[in-house]
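Beneath this line is the structure, given in structure tokens, with notes to follow.
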Amino acid sequence: MPTVKSKCKVACKSCNLRRVKCDRTEEAPCTYCRLAGQDCQPIVSRRGKYKRNPDKSTATQPALRRSSRKQQNGRNPTIAVSGEPASDTIVINTSSPSFGGRNPTAEAQSCETSNLQSSTPPPRHGYQYSSTSPDSKVVYYGDSFNLDYILHQMGDSLGASRNGRTWEDTLEHLYFSQLGQSTKTQIEEHSRNQRLQLRDIGALRPFEKNASDDLIKVFFEMCYPQCPIFDRADFQLKYEAGRVSPLVLQAVYFVALNHCSEEVYKRAGFENRYLATFTCYQRAKTLYDTNYESDAIATLQAVYLLSFWWGSPMEQKDMWHWTGIACNRAQSLGLHQRKTYVGLSERNRKLWKRIWWTIYVHDISVTIMLGRTPHINDAYCSVEMLGEDDFETSDNELIDSDLFREPTRESRLYIIHLTDLYSRKASKCWLNIAGANFNESMILKSLDDLTSWKTSLPRELQHRESAVSVEDGLWTTLTHLNYFTVQVLIRRNGLNDPDRMKVGSIVFDAAVQIVRILEDLVSSQLLPFALMRSAPAVFAALSVQIANMRGCPSHVVDVSKHRARLCMMIINKLQDHSPPLLWYYRLFVRILRSMGCEIPDEDNRDASHHSGPSDQRLHGLHSPTADFLYNNPFENSSQAVDANYTSNDLSTGNPALCDFGLSGMTASFVFSSFLNSDLIDGTSTDLGNPNFDPSSL
């Protein structure tokens, strides 16, 4: 007679985290772990070990229980760690109809140094977090959401405190338990497919330690001072323990790979920068699309970093797309309102405030650059401006200053005054110029306020005629680069003033200053530090130089041509970091040639386009993923391309890039309002003609 295998009394960790029934036995793993190919490890039972305290308010019991569970899991090193192999860490909650909207791995993580103070009042502004620890999960439902009212005003009506679940878990379980078995099976199958996809693309695995350390060092040295969206001590604690969110880690890798040297990205295993950034971007994007990360703040940090992706002029999920998601998520968390910060720990309050203003500055910057409507409405923002007290205090004993370099005071002042520039000056100017209520006197007043902003800068950020270095002058230089770029972009429409870009105008002088600043950065080998701001600056300056090549005295034309060549040299250097510049560079080559401004070595470059591969960064990337194919009509075509085919696109000469005509390039150029102005139309009439042969230029 066969022996009946009895079920264990304790569930495995995976089933416990997923809140599903576990059928493991002493001899065999459970069905879920067997299908997932992972170890079936039993949990440590806590039955009868909780301290009962009926005097505590029922409104705080769920948070206390979750905090207790987090601290227990934090002491157990065997629970899902993001740095371990994917087979041990991929746990996507199938008890949710969102197919993994809750990340058990993230819930199991905790900060060992955090302690929940019973005297801390619970927040009452529509968001939930388990403790004051920066490692806590954040869920936001809105200020007047009915469930928030039920939780805080009517007690635990869902019974979460009685079964050890959080009320969010209980809500999901209530819905999932009503589904039929066939539906549950399909959801679990979908979840398994997602886990396999994340494993196959390497989204859950960090780079080899030395390569990973190099990229983290690059990020905190070059990027973090411009976007202080992390708590350095908390990030280091998680990084050393292998507990950084995979979504955040891949996003950080992506930005770091775009700023690092060739040696660093090759040490990470990539032959070119495009493949390196493309790979990490796709990994982070897939993690986001599968709802892998359940921590709202971690997701917000990652989405902001993804907003620096610019893969193609024709790509829909571009910087504007990701910036919009970041702004919407930040506002859904209530980061734009003062009341949201009540009840937060001082550390979290500073972090959230820095995150908000970093995203705000980015939104206004991209809005003005593209000439669109901002995602954020200032009328609903009540957060105080950034101050020096909102930045982290020096903690040299805890933070590895070599890997997580501390920002200088000059860089902190840079962020503070950049926030002031975009929130109090640039945003108001743009509202008056592009808003529905056109008032010329208000526009002129706001423009005057913008012009006077530079005089209000502190002594540390006043422009100095001296050599620029990372330790001295870099952040001052970037402050002025931002200011002069805003001046050009804000005034480009110029209230129909035909002389708005001519010699002696504010726009002309700003463009000249941009060229000088970029020249200083190139000569000091600091251009990589300016990648986040250099593209709009160089395009703005170059467009003004083109506008002064016709109808101006000969000496002005000669000087404008010289500055235009310098701008083209800088764009050429930036091509390795922003693939769309390959198109725009060729566009400006044609325009400048039509004005008698030859770019050195361009004849040799044109010959090389037809004699061999023109862009080594795209070599071997003709069909990397489905996401790349829609930008490549040759790969999408049902007919094979003849090996001897020669592209009709004389602007690039490379069919792997795109069959993108000159008129199409002009239309998709982010500064097309310059090219369509009366100042340039006299030379570009033929450029807008789709039947025009660019080879005649």
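The values are calculated or read from the model by the stated rules, or taken from the named source; none is laboratory data. The structure presented is a predicted model; accordingly, all values stated were derived computationally and were not measured. Counting neighbours? That spans all protein chains shown, and the Cβs are built from the backbone with ideal geometry, glycine included. Areas reflect the complete protein model, heavy atoms only, side chains present, ligands, DNA and RNA absent. Shrake-Rupley method; radii C 1.70, N 1.55, O 1.52, S 1.80 Å.
Measuring between their Cα centroids, region 221-250 and region 439-513 lie 33 Å from each other. With R₀ fixed at 35 Å, the C-beta to C-beta distance from residue 497 to residue 338 puts the FRET efficiency at about 0.30. Taking all protein chains into account, the per residue accessible area for region 195-407 stands at 35 Å² (1.4 Å probe). Using a simple spin-label model with pseudo-atoms 7 Å out from Cα toward Cβ, residue 321 and residue 25 lie 5.0 nm apart.
Peptide packing: for 437-445, 262-270, 549-557, the average count of neighbouring Cβ atoms within 10 Å per residue gives the ranking 262-270, 549-557, 437-445, highest mean first.
Once the Cα-Cα distance is subtracted from the 0.36 nm per residue extended length, the residue 466 to residue 209 segment shows a gain of 88.6 nm.
Taking packing as the residue-averaged number of other Cβ atoms within 10 angstrom, the listed peptides 210-222, 301-313 run from highest to lowest as 301-313, 210-222. Each of residue 384 and residue 569 was given a label point 7 Å from its Cα along the Cα-to-Cβ line. The distance between the two points is 4.8 nm.
Accessible surface calculations at 1.4 Å, restricted to protein heavy atoms, place region 439-602 at 38 Å² per residue. Counted residue by residue at 0.36 nm each, then reduced by the alpha carbon distance between them, the extension gain from residue 408 to residue 372 reaches 9.6 nm. Of the solvent-accessible surface of region 195-407, computed with a 1.4 Å probe over protein heavy atoms with every protein chain present, carbon and sulfur atoms account for 46 percent. Highest-first packing order for the peptide set 347-360, 227-240, 477-490, 183-196 is 477-490, 347-360, 227-240, 183-196, based on the mean count of other beta carbon atoms within 10 Å. Here the gap between residue 314 and residue 456, fully extended at 0.36 nm per residue and compared with their Cα-Cα distance, gives a gain of 47.1 nm. Only protein atoms count toward the accessible area here, which uses a 1.4 Å probe; on region 439-602, the carbon and sulfur part of that area reaches 50 percent. For the pair residue 201 and residue 440, label points projected 7 Å from Cα toward Cβ lie 5.3 nm apart.
When the pairs 454/502; 454/561; 238/350 are compared against a 24 Å limit on Cα-Cα distance, 454/561 fall above it.
Using 1/(1 + (r/R0)^6) with R0 = 56 angstrom and r between the beta carbons of residue 45 and residue 593, what's the FRET efficiency to the nearest 0.05? It comes out at approximately 0.15.
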